[in-house]
Amino acid sequence: MTAIQLRHGRLVTEILPDRERVGAAAAAHVAGRLATILATRDEARLIFAAAASQGEFLDALVAMPGIDWGRVVAFHLDEYVGLPLGDERSFGEWLDRRIWSKVRPGRVGKLDGAAAARDPEAECARYGELLTAGGIDLALIGVGENGHLAFNDPHVADFHDPLAVKVVEIDDRSRHQQVRDGAFASFEAVPRLAMTVTMSALLASRAVSVVVPGAQKAAAVAAMLEGPITTACPASALRDHPDAVMFVDEAAVSGVTP
């Protein structure tokens with residue numbers, strides 16, 4: 001099925017009927033971009049979002065044939081302060097279960113929430129150096145219900161952030177979203193602090209692929225596509241990115257002007 005395509009600024013949005021076809025289209029796009037990168041370079045550097053909204057896409061990406069995962073360097077966007085490596089609630093562990101243990105990237109770089117609890121500046125600096133050493137070829141991201149990218153919620157987002165990774169206080173709407181997504185049993189159980197790759201580091205990615213399914217994201221998608229480009233909706237900055245494609249289902253664009 002041919003997707004309906006919209007353009008807002010430089011951002012291309014492809015609309016598919018449902019989550020499964022969104023995931024399949026995004027996976028095919030990413031596989032194609034990976035093939036192009038690896039045709040001229042020894043490795044491809046990818047950064048992944050860990051969220052329930054990415055499930056169908058990651059399943060489809062695992063099933064894509066022909067990807068040379070041994071030449072992929074994988075990172076993730078954010079992590080809770082205080083959750084150690086291997087904690088089943090951590091984003092790194094979620095990505096291990098969902099994709100990395102299945103496709104076996106050549107290298108995986110993880111944020112360590114336990115190290116951040118001991119020395120947050122040192123852990124953010126360590127991870128930031130890993131990211132900036134070679135940059136990010138392709139960012140595989142979603143959009144939060146409040147328009148955030150990673151944990152760049154509106155109150156902490158900075159399009160010109162001098163840091164690559166920083167500790168932030170998660171806003172209440174994002175914490176409630178984690179409960180609705182099934183990551184935590186209660187609002188009180190969701191940590192208040194997280195490390196996040198910053199907006200400036202994300203926007204420096206050479207290419208961005210965004211997956212945003214579901215009616216619960218409709219207000220955020222409408223704001224990012226039709227509102228002002230502002231940190232009040234951090235995802236709106238993608239309209240200025242030189243190489244970004246967003247895959248959505250019909251429900252996610254129900255608030256966008258036809």
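We did not get these values from a lab; they are worked out from the coordinates using the rules stated. In this text, all values refer to a predicted model and were calculated from it rather than measured experimentally. As a convention, Cβ positions derive from the backbone with ideal geometry for all residues, glycine included, and neighbour counts pool all protein chains shown.
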* To do: Take every DSSP beta bridge with both residues inside region 4-251 and express the antiparallel ones as a percent of the total, to the nearest 5.
  => 40 percent
* Structure fact -> Phi-derived 3J(HN,Hα) across region 71-83 with the Karplus relation (6.51, -1.76, 1.60, θ = phi - 60°), rounded Hz, x for Gly and Pro, is 9, 9, 9, 10, 10, 10, 7, 7, 7, 6, 5, x, 8
* Cα-based radius of gyration of region 157-235 once divided by 2.2 N^0.38 Å, which approximates compact folds -> 1.21
* Under 5 Å between amide H atoms, partner at least 5 residues away or on a different chain: which partners does Met246 have, H built in plane at 1.01 Å? -> Val12, Thr13, Glu14, Val210
* Using only the Cα atoms of region 24-133, each taken as one equal point scatterer with no solvent, compute I(q) by the Debye sum, divide by I(0), and report log10 of the ratio at q = 0.18, 0.23 Å⁻¹. => -0.91, -1.29
* Neighbour cut-off at most 12 other Cβ (10 Å), DSSP loop, GluC sites (Glu not before Pro), region 72-175 -> Glu88
* To do: Evaluate the relative contact order of the chain (contact order divided by residue number), counting alpha-carbon pairs under 8 angstrom at least 6 apart; express in whole percent.
  => 25 percent
* Sparsely packed trypsin sites (Lys or Arg not before Pro) within region 22-57, loop by DSSP, other Cβ within 10 Å at most 16 -> Arg41
* To do: Mind listing the long-range amide H neighbours of Ala207? Cut-off is under 5 Å, sequence gap 5 or more, other chains count too, H placed in the peptide plane at 1.01 Å from N.
  => Leu138, Ala139
* Structure fact -> Taking alpha-carbon centroids only, region 168-226 lies from region 43-105 a number of Å equal to 16 Å
* To do: Please sort 219-226, 149-156 by packing, taking for each peptide the average over its residues of neighbouring beta carbons within 10 angstrom, highest first.
  => 149-156, 219-226
* To do: Pairs of Cα atoms under 8 Å, at least six residues apart: use those to get the relative contact order of region 26-168, whole percent.
  => 26 percent
* To do: Can you tell me the equivalent ellipsoid semi-axes for region 86-143? Use √(5λ) from the Cα gyration tensor, largest first, whole Å.
  => 20, 17, 11
* **Anchor Lys110: aspartates and glutamates whose Cα lies under 12 Å away (excluding residues fewer than 8 positions away in-chain)** => Asp78, Glu79, Glu93, Asp96, Glu123
* To do: Starting from the Cα of Asp59, step 7 Å toward the Cβ, then list every residue of region 1-43 with an amide N under 11 Å from that point.
  => 19-21, 23-24
* Ser186/Gln5 FRET efficiency (R0 41 Å; Cβ-Cβ; nearest 0.05) -> 0.50
* For Ala44, residues with placed amide H under 5 Å, excluding near neighbours -> Val72, Val73
* **For region 17-31 versus region 229-254, the gap between their alpha-carbon centres in whole angstrom** => 17 Å
* Dimensions (Å) - the chain, Cα atoms, principal axes, largest first -> 49, 40, 34
* To do: Please give the residues of region 69-97, grouped as numeric ranges, whose backbone N is less than 18 Å from a label point set 7 Å along the Cα-to-Cβ vector of Ala133.
  => 70-77
